[in-house]
Amino acid sequence: MDVATLILILLMGVLFPTFPLSLPASFLLQRFRKLRGLLFIALPIAGFILYAGAGKPLLPGWALALGLFSSALYALKSLSAGSLSRWAVYHYVSVFSLIWVFLSRAEINLVFVVGMVLPFTALNLVLNSLESVFGSTHRSVLRGVGSASPILCLFTALSMLTSIAMPTAPVFFKAVTASLLLSPYEFVALAVIWFLWGWSGVRLLAQVITGEPKENLFYEDVDRRTALLMAVLSVASLMLGFAFLEVLL
């Protein structure tokens with residue numbers, strides 16, 4: 001491996017947040033909430049453009065292994081997240097660390113990367129709405145939001161489940177395709193990561209939407225314009241999944 005390829009991988013490790021190069025991105029996403037939506041979109045798209053512009057060089061095996069390790073690490077960290085915003089950041093890093101698997105084991109394009117980004121764009125809108133209404137996305141504050149703000153709760157659940165790569169999210173089909181080309185150890189690692197995504201997301205979601213709303217909090221549902229934008233992003237995420245169904249045929 002030459003120096004140019006190593007520099008490319010290091011830059012991609014920042015843009016496709018991969019431990020330990022994920023630390024700056026993780027810090028920025030948690031500290032600067034107003035930039036969160038922009039970074040969700042810009043980082044992976046810039047990473048893919050950089051990779052494609054370099055001629056899509058063959059990546060070394062250790063890059064794939066590091067991607068799996070980073071994804072598993074942040075999937076485990078997401079289990080300890082007490083707020084939706086922190087869970088979203090950890091989950092985002094975990095998902096895009098797997099881009100190394102897709103780049104090494106399956107052909108992807110910019111449309112696929114956009115498909116990976118869309119659920120997080122919808123999730124960011126949900127987080128912004130929750131933060132503007134309640135001032136926090138911690139589970140102790142949001143408990144009971146399911147009965148108090150049903151529309152907001154619906155899009156919270158939909159954006160989280162889509163980002164977890166449930167059918168028919170784009171990541172679901174590409175992960176299935178890539179898994180067919182993995183070694184047994186890599187396949188087991190991917191399966192464990194996928195399980196942790198579902199466990200952490202559904203567990204946190206259940207803690208938020210169930211229970212009785214707090215009497216001392218003012219619950220407000222989203223306005224029609226925001227709800228429409230959330231719906232468009234959610235539907236687009238699901239429909240892009242069907243576009244990638246052909247990889248299984």
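Any read-out appearing in this document is the output of simple, stated calculations on the displayed coordinates, not a laboratory observation. Small disclaimer: the values here were computed from a predicted structure and weren't measured. Because the Cβ atoms are built from the backbone with ideal geometry, glycine has one as well, and the counts that use them run over all protein chains shown.
Points worth noting:
- Put a dot 7 Å past the Cα of residue 191, heading toward its Cβ, do the same for residue 3, and the two dots end up 4.4 nm apart.
- Ranked 90, 185, criterion: other C-beta atoms within 10 Å, fewest first: 185, 90
- Footprinting exposure proxy for 131, 107, 186 (fewest neighbouring C-beta atoms within 10 Å first): 107, 131, 186
- Spin-label proximity, residue 225 to region 120-160 - amide N less than 17 Å from point 7 Å beyond Cα toward beta carbon: 125-126, 128-130, 132-133
- Taking other C-beta atoms within 10 Å as the exposure proxy, 151, 193 rank 151, 193 from fewest upward.
- Computed from backbone phi with θ = phi - 60° and the Karplus coefficients 6.51, -1.76 and 1.60, the 3J(HN,Hα) list for region 71-76 is 5, 5, 4, 6, 5, 5 Hz; x is used for glycine and proline.
- Linear extension gain, residue 46 paired with residue 76, 0.36 nm per residue minus alpha-carbon span: 8.2 nm
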